[in-house]
Amino acid sequence: MISLISLKILKLKSNIKVLALVLALVFLNATMPASLSAHHSTSMFDTENIIDVSGVVVHVDLKNPHSLIYIVAIDEEGNEVQWVLEAEPLSTLASNGWTSSTLSVGDEVIAFGGPARNGSRAMILRAIQLPDGRVMRT
């Protein structure tokens with residue numbers, strides 16, 4: 001026969017489990033929508049047609065869900081134009097050997113990736129050649 005104290009302990013343990021589950025769900029609800037809404041498909045890029053763009057890094061933003069690298073290149077008319085290079089999340093870049101010092105503002109690079117389908121100066125970055133000649137995959 002279970003004593004009254006044993007029943008109270010079982011009920012308390014059950015309440016703690018329910019509270020932990022509720023807190024976990026609240027946390028997931030607070031964090032998941034931001035991640036999911038920020039993530040998007042790569043269908044806006046032509047991943048079958050890889051191009052290369054040479055330029056100088058003007059800004060690096062390694063983050064989740066997508067890292068962004070901005071470079072200034074010279075177009076066919078000799079004008080400076082800015083390109084936005086969309087790369088993998090920070091965690092994927094890190095697993096491919098990237099660190100916070102892989103790219104610096106002022107680095108001359110060659111970016112390889114699929115151009116934006118709408119003709120804007122953007123690409124889904126697949127690899128980038130660094131000033132020292134190393135090629136980093138994304």
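Laboratory data are not the source of any read-out in this text; all were calculated from the coordinates shown. In this text, all values refer to a predicted model and were calculated from it rather than measured experimentally. Using ideal geometry, Cβ is built from the backbone for each residue, glycine included, and neighbour counts are taken over all protein chains shown.
Of everything in segment 103-138, what is assigned to a strand (DSSP E or B), of a type outside the set (Lys, Arg) and in contact (Cβ under 8 Å) with a residue 60 or more places away in the chain? Give them in sequence order.
The answer is 112, 113, 114, 115, 116, 122, 123, 124.
Would you mention how many residues in segment 49-89 are touching a residue at least 40 places away in the same chain (Cβ under 8 Å), part of a loop (DSSP other than H, G, I, E, B) and more than 21 Å from the chain's Cα centre (by Cα)?
Number satisfying all stated conditions: 1.
Restricting to segment 82-123, and then to whatever is farther than 19 Å from residue 58 by Cβ and of a type in the set (A, V, I, L, M, F, W, C), can you tell me which residue is surrounded by the fewest Cβ atoms within 10 Å (Cβ to Cβ)?
94
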